[in-house]
Amino acid sequence: MAGVMDSVNQRTQLVGQNRLELLLFRLAGNQLYGINVFKVKEVLQCPRLTTMPKLHPVVRGVAHIRGGTLPILDLNRATGGPGLDNLDTAFVIITEYNYKVQGFLVRSVERIVNMNWSEIHPPPKGTGRDHYLTAVTRVDNQMVEIIDVEKVLAEVVPTNEKISEGVINQETNAEAVSRRVLIVDDSSIARKQVSRCLQEVGVEIITLNDGRQALDWLKLQAEQGEDVSKTLLMMVSDIEMPEMDGYTLTAEIRNDPRLKDLHVMLHTSLSGVFNQAMVKKVGADDFLAKFKPDDLAQRVIDRLHAVRDQAE
């Protein structure tokens, strides 16, 4: 597996180029699946698993890896299929999402492919388990399905979505009235989480599913004479999205004189590998790793206060 992961060190070169690397793997059948290499820490032969009482059915057990104890989730079972068998020949993909590290049990790991986000598309309607898919693409004339891992994790390990008492007050709610925030994310679960959080703050929300949709929508507003930096409080965008990623979306916004002053915050589950320097490379104003409702609410409140102070 060391050979498969050799190119991981070059992944930072893809920032801002609308490119990604997918690690391809298989579950029970011949269907190919993909996961963004940015979220992969390690790939290894399935270690010995220890079962524990009261584990979620998707969690096949825990593994002791490099001094830590990680839950190992059966991706086939998580997406509605039977549990994988023959664990002796299976593999585990160690990943980091939203500050949490876990392993995904898969039957086999194939290779890494370098792709453009424009080649990644939303899943077609009515494709069986499409509610667990966030995107599809083709590699060597084969369909590759990209699983909505955030949905899987939300079902297995529910995230706290409540904002703590004291973060929002009546003054904040009053300031938020008539302020609009654009939310861009391809994961239906992530869109719902962010929407619920910002609705508690009191802002109006607009949700779109990928960077291409968002850029087209913003350009349309500009063509209609709207100054989006004034009519939108901010844009909260995921990074990993079909058609156009959040980095390219940000770069396109900065390169358009009509859009360039829009406040952009990138909000992503790529918590383990991205830092402020990478975000600033494409001109984003802010970065926040998912999903911390208090932190997200506070960033929006800070932006409300900044706009208020500018107006005074």
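Any read-out appearing in this document is the output of simple, stated calculations on the displayed coordinates, not a laboratory observation. For clarity, every value in this text was computed on a predicted model and none was experimentally measured. Methodologically, a virtual Cβ is constructed for each residue, glycine included, from the backbone with ideal geometry; neighbour enumeration extends over all protein chains shown.
Here are the numbers for the structure shown:
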{"read-out": "Vicinal HN-Hα couplings computed from phi for region 138-155 (Karplus, 6.51 cos²θ - 1.76 cosθ + 1.60; Hz; Gly/Pro x)", "value": "10, 10, 6, 6, 10, 6, 10, 9, 10, 7, 6, 5, 4, 5, 4, 5, 5, 7"}
{"read-out": "Burial ranking of peptide ranges 96-108, 180-192, 242-254 (average Cβ count within 10 Å, highest at the top)", "value": "242-254, 180-192, 96-108"}
{"read-out": "MRE, 222 nm, helices only [DSSP H, n ≥ 4, -39500 (n - 2.57), over the chain, to nearest 500]", "value": "-8000 deg cm²/dmol"}
{"read-out": "Nitroxide proxy distance, nm - points 7 Å out along Cα→Cβ at Thr50 and His131", "value": "3.5"}
{"read-out": "Residues whose placed amide H lies under 5 Å from that of Lys41, excluding near-sequence neighbours", "value": "Ile94, Thr95, Glu96"}
{"read-out": "Among Gly211, Gly81, Gly202: highest mean-square fluctuation, GNM of the chain, C-alpha pairs under 10 Å", "value": "Gly81"}
{"read-out": "Extension gain, Val167 back to Lys230 (0.36 nm per residue minus Cα-Cα distance, nm)", "value": "20.2 nm"}
{"read-out": "Amide H within-cut-off set for Leu27, under 5 Å, with H built and near neighbours excluded", "value": "Arg107"}
{"read-out": "From phi via Karplus (6.51, -1.76, 1.60), per-residue ³J(HN,Hα) for region 285-300 in Hz, x at Gly/Pro", "value": "7, 7, 9, 9, 7, 6, 10, 10, x, 5, 5, 5, 4, 5, 4, 5"}
{"read-out": "Sequence-distant residues sharing a close amide H with Val144 (under 5 Å, placed H)", "value": "Thr137, Arg138, Val139"}
{"read-out": "Phi-based couplings in Hz for region 226-231 (Karplus 6.51, -1.76, 1.60; Gly and Pro marked x)", "value": "8, 8, 5, 5, 9, 7"}
{"read-out": "Cα gyration tensor of region 170-311 - equivalent ellipsoid semi-axes, whole Å, descending", "value": "20, 19, 14"}
{"read-out": "Mean Cβ count within 10 Å, highest first, over the residues of peptides 146-157, 161-172", "value": "146-157, 161-172"}
{"read-out": "Ser108-Gln298 pseudo-label distance in nm [points 7 Å out on the Cα-to-Cβ vector]", "value": "4.8"}
{"read-out": "Of Lys192/Lys292; Lys151/Lys192; Lys41/Lys100; Lys39/Lys290; Lys125/Lys151; Lys100/Lys292, those spanning more than 20 Å from alpha-carbon to alpha-carbon", "value": "none"}
